[in-house]
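Single-structure report; data block below.
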Amino acid sequence: MDPARPPRAEEGPAGRWKIARACVVHVPQEAQDATVAAMTEALRRAHLRPAPERARTAEPAGEALSVWQRGDAVSEALLDNTGLSLLVTRIGPLSLKAVVVVTWRPEGERCRVIVSMVVGGQLADEISREVDAAIDALVADGVRVDGPGWMRVADLPRESLAHPKTAREHGIRA
């Protein structure tokens, strides 16, 4: 483990399991925009796309928010309404759906950035790998990145929109 960065996904408590994860990092205020841009690019590499319509009803309390998704309503409807969802429980996911929330807020002289998989534990490894690569790039550029790193999404602060229950209450997660 590199002391200059938070633990990688596989080193965290959720690393061995395909469960929804969240990564919490702290960076200097002046690196906030670069960090958010790096996380945005990581999510694009994981084949997610912006989903501003999911964030319209959200009311962030002191934190900025972006929402990303993968999969679409048509494929989900086909799977659920044709009986294929029963097949999926036997052979694994056919439609890889995910909703990822990115929040950032100032905390003193630092900025807290959270990348949270509120839907889509099947993609946990892929998303984690890309976010870890973004953190590595930030560290290589001289940004001091610290914080708890990877954890289960249920362990996030309940008041954050990155928490799955809070995301559901605000209409981010259907």
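Need the full-extension length gain, E107 to R152, defined as separation in residues times 0.36 nm minus the C-alpha distance. One decimal, nm. The partial results should precede the final answer.
Numbers: separation 45, 0.36 × 45 = 16.20 nm, distance 2.17 nm.
Gain on extension, E107 to R152, equals 14.0 nm.
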Between D141 and R44, how many nm apart are label points set 7 Å from Cα along the C-beta direction?
1.3
Per the 1/(1 + (r/R0)^6) rule, R0 = 35 Å and r from the Cβ atoms of E10 and E30, FRET efficiency to 0.05 is 0.70
Trypsin sites (Lys or Arg not before Pro) lying in DSSP loop within the range 105-174, provided at most 13 other Cβ fall within 10 Å:
R144, R158
Quick one: length gained pulling A64 to E159 fully straight, 0.36 nm per residue minus the C-alpha distance?
32.9 nm
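Here, each number is a calculation from the coordinates, and none is a lab measurement. Bear in mind that the values here come from a model prediction, so they are computed numbers and not experimental data. Neighbour counts run over all protein chains shown; Cβ positions are idealised from the backbone, glycine included.
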